[in-house]
Amino acid sequence: MEKDIIIDGVSLHYSETGNTEGHPIILMHGWGCNHTTLASIQKIVEPHMHVYNIDFPGFGQSPEPDAVWGVEDYTRLIEKMIQQLDVHQPTLLGHSFGGRVSILLSSRNQVNKVILVDAAGVKPSHSFKWYLKVYSYKLAKKLYPLIYGKEGARQRIDEARKKRGSSDYNNATPRMRAILSKCVNEDLCSAMPHIKAPTLLIWGDNDTATPLKDAKKIEKLIPDAGLVSFPGCGHYSFLDNPHGFKAVLQSFLKDEFNTSIN
């Protein structure tokens, strides 16, 4: 069932499905996606668990925030959702950006289990070529108005952005671009040792957005964590290897699945 909830004036859209007598699980999508991206995961868990699959503000049917949010703002919103809906010790599953929220939320709240799927949270380390692209773009933003005038500079700056920016950045509105920039530069490694819940990391070993080396670092930092990687899979490992993903997920959630049967 599709629903909306108002939290401190913010409208949050989500679907609520599955076994209402089962253990709660909150699914959180990645950047540029919405709750439908995790539909295949929802189908796996909903026969056994009470599923909340959300649209983060700025995605799907949830309106953009009215300010430039960081990971803290998104996390606080989900914390308040949990309180308002009276959800007790949920399992968290976060893909990519949703992993950021899962990490921060579970580091300071009692949760049942955490599942991080090709998750973000480690600040990217970039090559000299990347820095050259970024800083040449910033320089162009300052110099082009002086050389070409305000109107002439606007088109050239937009062309430079398209050449240098990621597809997520280019497809976003100005406010969501600012949010993406803020969130990407947040390093959550300091929060990871505070996660006490059993944590499963599922990764594609060809993931270029959040590389496998990040997963190995996260695994070391979270006290009770284990990593499963799928050969030949990318940033959407749950779509690249659906059968393998289902098997790993079912194994990790076997207690929650068995409880719903009993």
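The values are calculated or read from the model by the stated rules, or taken from the named source; none is laboratory data. Remember, it's a predicted structure, so these values are computed and weren't measured experimentally. Because the Cβ atoms are built from the backbone with ideal geometry, glycine has one as well, and the counts that use them run over all protein chains shown. Side chains are part of the model used for accessible areas, which takes the heavy atoms of the whole protein and leaves out ligands, DNA and RNA. Shrake-Rupley method; radii C 1.70, N 1.55, O 1.52, S 1.80 Å.
Relative to the longest principal Cα axis of the chain, at what angle does helix 97-108 sit, 0 to 90 degrees, rounded to 10?
60 degrees
How much of the accessible area of the range 1-87, probe 1.4 Å, is carbon plus sulfur, in whole percent?
Roughly 48 percent of what the probe reaches on the range 1-87 is carbon or sulfur.
Between residue 213 and residue 39, what is the FRET efficiency for a Förster distance of 35 Å, r being their Cβ-Cβ separation, to the nearest 0.05?
0.75
Under a straight-distance cross-link criterion of Cα-Cα below 20 Å, which aspartates and glutamates are reachable from residue 213, leaving out those fewer than 8 residues away in the same chain?
118, 186, 187, 205, 224, 240
Roughly how many Å² is the accessible area per residue of the chain, as a whole number, for a 1.4 Å probe?
Accessible area per residue, the chain: 49 Å².
How large is the translational diffusion coefficient of the chain in µm² per second when you combine the Kirkwood radius over alpha carbon pairs with Stokes-Einstein at 20 °C and 1.002 mPa s?
In µm²/s, the coefficient is 111.
Within the range 1-37, what residues put their amide N at less than 16 Å from the label point 7 Å along the Cα-to-Cβ vector of residue 84?
2-16
Looking only at the chain, where both bridge partners belong to it, what percent of the DSSP beta bridges are antiparallel (to the nearest 5)?
Approximately 35 percent, going by the DSSP bridge assignments.
Given 3/113; 182/220; 182/254; 80/220, which pairs have Cα atoms separated by over 27 Å?
From 3/113; 182/220; 182/254; 80/220, over 27 Å: 182/254; 80/220.
Which angle from 0 to 90°, rounded to the nearest 10, does the C-alpha axis of helix 212-221 make with the longest principal axis of the chain?
60 degrees
For the chain, what is the relative contact order in percent, using Cα pairs closer than 8 Å and at least 6 residues apart in sequence?
Taking the mean separation of contacting Cα pairs over the length of the chain, I get 18 percent.
Which stretch or stretches of the range 47-68 have amide N atoms under 11 Å from the point lying 7 Å from residue 246's Cα along the Cα→Cβ direction?
Under 11 Å, as judged by backbone N against the label point of residue 246, lies no residue of the range 47-68.
Set the Förster distance to 25 Å, then compute FRET efficiency between residue 259 and residue 61 from the Cβ-Cβ distance, nearest 0.05.
Result of the calculation: an efficiency of 0.20.
Of all accessible surface on the range 174-228 at a 1.4 Å probe, what whole percent is carbon and sulfur?
54 percent
How far apart, in nm, are two points set 7 Å out from the Cα along the Cα-to-Cβ line at residue 125 and at residue 171?
Once both label points are built, they end up 2.9 nm from each other.
How tilted is helix 174-184 with respect to the longest principal axis of the chain? Cα atoms for both, answer in degrees (0 to 90, nearest 10).
Helix 174-184 sits at roughly 60 degrees to that axis.
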